[in-house]
Amino acid sequence: MRKPLIAANWKMNKTIGEALSFAGVFAERLYRRFPDKNIPVDVALFPSFLSIPALCALFANEPIHIGAQNMHWEKSGAFTGEVAPYMLKDAGCAFVILGHSERRHIFGETDEDVIKKVRAALDHGLNPVICVGETLEEREADETDRVVSRMVKAAFSVVDPEELRSVTVAYEPVWAIGTGREARPDDAEDVILGIRKTVDAIYGQDTSENLRVLYGGSVKSKNVRSFMSRESVDGVLVGGASLDPEEFFKIVDEGYKARRKFL
Ligand code: PEP
């Protein structure tokens, strides 16, 4: 069975000090709930680049993973302002978010960029969390499946079958991100099942059983169960509601309770 993943995307929030004070409160709550530190779900924090070293040092031998929100695909060179995959690996990152809708829509990131980043992440031993999702206009034009399957096919064009276990897909409808308007769990499940079908069509029947697929978009402690109680939804990527350590702990706890029957 796939281990669930509950991930906090802090976006451009929190100083190093604020990240460390979140970490202290959150870890205390998590370890009180799971005193043997045997956490039944993977938990990952995606702070800004600046807070990565401090959090990686703090959680070096702990079951709380750290990831980056983006990276460049090249190994090194004249790319002012960018961060290379080996730098993230060296700092202690386990994961990297790629193709987040804010990267695609605000910074013009394309499927081609995401393809290069996915390959670079895997080559450097980083687990990519690949974000896909449709805009409101695309949903209203009944184009959700076409858009999502285009993004999935592009990203997986460089993934070998044996690498599927290292990859996570996050289905994040753009209109649900940061709006307080989450997708209906039925709709999220439909799209996620479509993602699994696309992956099965590329790699062969049932191969998507090895792939974690998350939902993201206005998730909070009050609605996380409605998503994670669906068998095909292996976890959540949380933005706004992950900034508060008590709330993010509740999301982990509620998510785990929803998932327990499948573990
Ligand atoms: C996100 O940033 O990936 C996200 C899902 O944000 P929010 O939870 O705030 O909608």
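The values are calculated or read from the model by the stated rules, or taken from the named source; none is laboratory data. Just so you know, these numbers come straight off a predicted model, no measurement behind them. Note: ideal-geometry Cβ built from the backbone for every residue, glycine included; neighbour counts use all protein chains shown. Remember, those area values only see protein heavy atoms, side chains included, never the ligands or the DNA or RNA. Shrake-Rupley method; radii C 1.70, N 1.55, O 1.52, S 1.80 Å.
For this structure, a couple of remarks:
- Around the amide H of residue 179, modelled in the peptide plane, lie the amide H atoms of 218, all under 5 Å away and 5 or more residues distant in sequence or on another chain.
- Taken along the Cα-to-beta-carbon direction at a fixed 7 Å, the label points for residue 110 and residue 74 span 1.7 nm.
- Relative contact order computed over segment 5-262 (Cα-Cα under 8 Å; 6+ residues apart), in percent: 19 percent
- Portion, in percent, of the accessible area of the chain that falls on carbon or sulfur, probe 1.4 Å: 50 percent
- Per residue accessible area in Å² of the chain, where ligands, DNA and RNA are left out and the probe is 1.4 Å: 44 Å²
- Taking amide H positions as modeled 1.01 Å from N, with prolines and chain starts lacking one, the residues under 5 Å from residue 130 and 5 or more places away or on another chain are 98, 168, 169, 170.
- Distance from the alpha carbon centroid of segment 52-71 to that of segment 78-117 works out to 16 angstrom.
- Residue 49 accessible area, 1.4 Å probe, all protein chains in place, Å² to nearest 10: 90 Å²
- Where Rh is the Kirkwood radius over Cα pairs, Rg/Rh for segment 26-107: 1.04
- A straight chain from residue 21 to residue 197 at 0.36 nm per residue would run longer than the Cα-Cα distance by 59.2 nm.
- Straight-distance candidates among the lysines for linking to residue 250, with alpha-carbon spacing under 28 Å and chain neighbours fewer than 8 residues away dropped: 3, 11, 14, 37, 220, 222, 261.
- Descending by average beta-carbon neighbour count within 10 Å, the peptides 114-126, 190-202, 136-148 line up as 114-126, 190-202, 136-148, the highest first.
- With helices as the sole contributors, the chain gives -12500 deg cm²/dmol at 222 nm; each DSSP H run of n ≥ 4 counts as -39500 (n - 2.57), and the sum is divided by every residue.
- For the chain, built as a Gaussian network whose Cα springs stay under 10 Å, the top-fluctuating residue of 176, 60, 78: 78
- All distinct Cα pairs of the chain go into the 1/r average, and the inverse of that average, the Kirkwood radius, is 18.3 Å.
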